[in-house]
Amino acid sequence: MMYRRIKVWLMNNWVKLLVITAVVLLIFFTIVGLASLESFYLNLTLATLPLQLLMTALNAVIFVYLYMSVFQGGFSKMKKSKTKPGTVNVKFSDVVGLEQAKKEAWEVVQLIKDRSKLKAIGGRILRGMLMVGPPGCGKTLLAKAIATEAGIPFISIAGSEFVEVFVGVGASRVRKLFKQARQLAYAEGSCIVFIDEIEVIGRGRTFSYMGGGEETNSTQNQLLVEMDGLGSKAENVIVIGATNANEAVLDAALLRPGRFDRKIYIDKPNLQEREQLFRYYLSKVRHNPDLDIGHLARKSVQKSPADIENVVKEGALIATRFGKEQVEYTDLSKAIERIELGVEHRKMMNPHEREMVAFHETGHLVILYLLHPTDDVFKASIISRGPALGVVHHSPREEMYTMDKQTILANVKVSIAGYVAEKLRFGTTSTGVASDFQSAMLLAHNMVWSMGMGGNGYLGDFAQVPEAQLSESLKERLNAETEKILKTCYEDTERTLRKNWKIVERFVKELLEKEELDYDQIDVIFGEFGKAHPVVLSIPATLSVPAIAQAATPASETPAAAEVTKVAETKSPRSKSNSKKASA
Ligand code: ZN
């Protein structure tokens, strides 16, 4: 190893060595030459020397400046191309959550360690690996942990660093990167190259003559050439690419065997993992040891590890602002709301308007609590935030990847419940229902038109067919079905609210008094009326594994799942817009 390291050092530094030798020799000859001169000429030469040096330096500066600004696009580009080689120190135990991904990554570590055994058997050596998952979920951290545990150096670069105005620069950067990696591998036995945002250079190649995609093409081609070249060399370089995008956008050539043929899917953390994450990040701040981490984990469905770190930091800020000694549950709860809903922004409302908002939000709240099969209410508030005059914040007890008919119907009922409550109390309604109707309508429409969930037996996704090809009578029947769903939901909602009107009035009173009600307070009040429902805490870990795999399949392969996701998407803005928008 020592010999190899010296050799690599010599390879990288031979130019410097040559220059230093030349300079030393020149100085030596100058001194010898000067010593042999007569005193007059000696003085003359020495007198002009400073001026000569100054002129040379000035010339050099002017030349470098012109060169950088004309040919290299300014000095700022100089730093960019640098990769950071060297050893990293991230242990597997430092990667919190991500249990499934960690298991797969551990296998990769074993493969790297056992490669001589693998070679003896004749198996294929691992060359490329892809990490796919949403941002902030710890892909970089996991890649570093693989390098640390395998005990090999780690070079990282982001895909965007290859993108240059000048054609060919990206490709030459790839060449440089791999040269560096091969040297490191030669010296240290092995090396990991981590390319973040690989979709920037790895997108499906286009062959336009307009020049648009050509730079990316040449960069990507170079990457493919380099990766294919790795196999023939003795040096073991492993390339790990990371992407936030769906892997379907990547060029098929990248995913071929021998390139990025192994994949690790990284998903948003599940309930237990979120608990671990809270525990981990909270251990770094002074906090109340009794605070309910389980609650926090349930409240932060769909949050990434980076989000959770952010929540804890924001919570610490809030605690400091209120002069507390340690972080309490309420601080973290506030932090989640601030991140999700925006900062509170009180408006002066007249008492009648305020009461109407209270009834509206109570409508959402009561229906949600009594009729929704999967969601919990976490907060009801009539404090305005941004354009919203009030909000009922709710989220699924555990991450859901699909929704059934019953759940969608419940969502429709929850959406229109604000309207129903206003109507029942005042006999009239406000403009605050517009966004609620928007989401209710969209849900009902999609049920009938796209998911075969209407009552009339029509199956298929009619939204896929050009409108001109659908007969008028078919459209009428489908729309009538949508209307019927809304009507039935309205009747259900009205019946439920009437039956529980005492609870509604109680919540309105509480909201007008306290402005905000938390999960626990809401639970207690329903308990007084004998309606509290037990909370289902966690789903066994074995159940969540296939769910991850299912969610990770590309949308293009499972059109049904994609359609459901669309509904899920229309649902998420609604959970925020379960609120009265400011009336103009
Ligand atoms: Zn509403």
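Computed quantities for the displayed model
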read-out	value
The range 390-486: relative contact order in percent, alpha carbon pairs under 8 Å with at least 6 residues between	24 percent
Amide hydrogen neighbours beyond the local backbone of ARG385, cut-off 5 Å, H modeled	HIS345, GLY390
Whole-Hz ³J(HN,Hα) from phi, Karplus 6.51 cos²θ - 1.76 cosθ + 1.60, for the range 55-60, glycine and proline x	4, 4, 4, 4, 4, 4
Per residue, in Å², the accessible surface of the range 331-397 once ligands and nucleic acids are set aside, probe 1.4 Å	32 Å²
Residues whose placed amide H lies under 5 Å from that of PHE194, excluding near-sequence neighbours	ILE155, SER156, ILE157, ILE240
Carbon + sulfur, % of accessible area of the range 15-71 - ligands and nucleic acids excluded, 1.4 Å	82 percent
Sulfur and carbon atoms: percent of accessible area, the range 274-349 [1.4 Å]	50 percent
Nitroxide proxy distance, nm - points 7 Å out along Cα→Cβ at ASN89 and LYS113	2.0 nm
With 10 Å bins from 0: P(r) over the range 92-265, alpha-carbon pairs, percent	10, 40, 36, 13, 2, 0
Nonlocal amide H pairs with PHE378, under 5 Å, H built at 1.01 Å	HIS393, HIS394, SER395
Surface accessible to a 1.4 Å probe, per residue, for the residues of the range 92-265, Å²	42 Å²
For LYS284, solvent-accessible area (1.4 Å; no DNA, RNA or ligand), Å²	130 Å²
Neighbourhood charge, 14 Å Cβ-Cβ cut-off, centred on GLY151 and excluding it, Lys, Arg +1 and Asp, Glu -1	+1
Average accessible area per residue (Å²) across the range 1-72 - probe 1.4 Å, nucleic acids and ligands excluded	91 Å²
Rounded, prolate or oblate (a/c below 1.5 giving rounded, otherwise prolate when a/b exceeds b/c) for the range 15-71 by Cα gyration tensor	oblate
By average C-beta atoms within 10 angstrom, highest first, the peptides 245-257, 43-55	245-257, 43-55
Sequence of ARG477, ARG286 when ordered by accessible area, the most exposed leading, probe 1.4 angstrom	ARG286, ARG477
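The values are calculated or read from the model by the stated rules, or taken from the named source; none is laboratory data. It should be emphasised that the depicted structure is a prediction, and the values quoted were computed from it without experimental measurement. Here Cβ is always computed from backbone atoms with ideal geometry, including for glycine, and neighbour counts include all displayed protein chains. With ligands, DNA and RNA removed, areas are computed over all heavy atoms of the protein, side chains included. Shrake-Rupley method; radii C 1.70, N 1.55, O 1.52, S 1.80 Å.
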